[in-house]
């Protein structure tokens, strides 16, 4: 696998406003757009610019979502590392071939990206997300 780059570091938070105050006001990072609600994943997300990558703040919006369970079990902090790859299908096929446990056998899609997660048990304890940018459909 070549041409892999860091896309973002995701941090799970229990208070988005407090987290934004720290990252934006205390550290001076620029927020890229408004906080976005992702109902399908039961989270609110804020993106902060950090050079060629981002910090993604994630706050659960329900008490029974995967992120809420993560927050309840482990507390606020680093949630996952996201790597961007040019060919998600080839990356996932290679990981499967090497015996890695995929959380998403079929990639999800949102905001011009396809993405899938690899279980921390296969990565030495780190929840790993892979992104692939996809071109917009020219047919609209």
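The values are calculated or read from the model by the stated rules, or taken from the named source; none is laboratory data. The structure displayed is predicted, hence computed values, not measured ones. Don't worry about glycine lacking a Cβ; one is built from the backbone with ideal geometry, like all the others, and counts go over all protein chains shown.
Couple of notes before you dig in:
- Criterion violated by residue 114 - all others in (1) loosely packed, with under 15 Cβ neighbours inside 10 Å; (2) under 19 Å from residue 133 (Cβ atoms); (3) in contact (Cβ under 8 Å) with a residue 12 or more places away in the chain satisfied: (1)
- Which numbered condition residue 23 misses (of (1) within 16 Å of the chain's Cα centre (by Cα); (2) surrounded by 15 or more Cβ atoms within 10 Å (Cβ to Cβ); (3) at negative phi): (1)
- Within the option set 84, 41, being under 17 Å from residue 114 (Cβ atoms), surrounded by 13 or more Cβ atoms within 10 Å (Cβ to Cβ), modelled with pLDDT of 95 or more and in contact with a strand residue (DSSP E or B) (Cβ under 9 Å, 6 or more places away or on another chain) holds for one residue only, 84.
- Selection status of residue 114, modelled with pLDDT under 95 and either under 22 Å from residue 61 (Cβ atoms) or in contact with a helix residue (DSSP H, G or I) (Cβ under 7 Å, 6 or more places away or on another chain) (or both): no
- Residues being touching a residue at least 60 places away in the same chain (Cβ under 8 Å) and within 12 Å of residue 16 (Cβ to Cβ) - total across segment 47-78: 1
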